[in-house]
1. Which FRET efficiency value, to the nearest 0.05, is calculated for T116 and R12 with the Förster distance at 30 angstrom and r the Cβ-Cβ distance?
2. Just to verify a number: FRET efficiency for F34 and D3, C-beta to C-beta distance, R0 = 22 Å, to 0.05?
3. Set Lys and Arg Cβ to +1 and Asp and Glu Cβ to -1, take the dipole of the chain about its Cα centre, and tell me which of I91, H23, H43 lies farthest positive.
4. Rg(Cα) of the chain divided by 2.2 N^0.38 Å?
Amino acid sequence: MQDIADAIGRDRVARVVDVFYEHVQAHPTLQAPFAGVHDWTSHKEILTHFWWVTLGGKRYIDYSYAVARKHNEAGFTPALLVDWLALFHEIVNAEIPPELAAGWIERAERIGQSLTYMHEVAQRGAAAPMGLYRPA
Ligand code: HEM
């Protein structure tokens with residue numbers, strides 16, 4: 001997948017993250033799972049870095065992401081993901097030119113698929129130690 005970090009630029013990545021999480025905090029379904037975030041400045045910095053690197057930029061902070069565990073603890077569900085992605089589409093399309101917005105949204109959708117997959121595996125839980133294989 002083509003790197004689009006430089007074309008978008010770190011300032012615009014930070015802007016999208018900022019506007020997105022401002023909306024999350026007032027969103028009818030998303031504000032509840034995000035109520036556990038107390039340091040929004042730090043959360044936005046971590047997410048700006050996450051997207052910058054995901055879009056192909058060079059790492060600039062030393063941080064170990066725990067994406068599966070944190071979403072599990074936050075109560076991730078496929079229904080919340082639908083709302084998350086709808087809001088994300090809206091903000092990215094409002095802030096970024098269409099050709100760059102499409103590339104960014106495509107990455108978000110792929111990560112959403114991974115989160116859904118990890119959620120399904122977690123739901124199967126300790127009863128299925130291999131996680132993946134369950135005879136019908
Ligand atoms: C494609 C969609 C999504 C992406 C790309 C994404 C990405 C991320 C990333 C990278 C983090 C930081 C994890 C870390 O610090 O290790 C995070 C944190 C978080 N996400 Fe998501 N997320 C998505 C969807 C959702 C949804 C649907 C929910 C609803 C439950 C959610 C709730 C949270 C919460 C509450 C945190 C903060 C966790 C904490 O710091 O304790 N995310 N997300």
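1. Efficiency computed from Cβ-Cβ geometry: 0.65.
2. Values: r = 29 Å, r/R0 = 1.32.
Here the calculated transfer efficiency is 0.15.
3. Checking the options against the dipole of the chain, the answer is H43.
4. Numbers: Rg = 15.8 Å, N = 136, 2.2 N^0.38 = 14.2 Å.
Cα-based Rg divided by the globular estimate yields 1.11.
Only the coordinates and a few stated rules stand behind these numbers; no lab work does. The model shown is predicted, which means the values in this text are computed figures rather than measured ones. Glycine also receives a Cβ, built like all others from the backbone with ideal geometry; neighbour counts cover every protein chain displayed.
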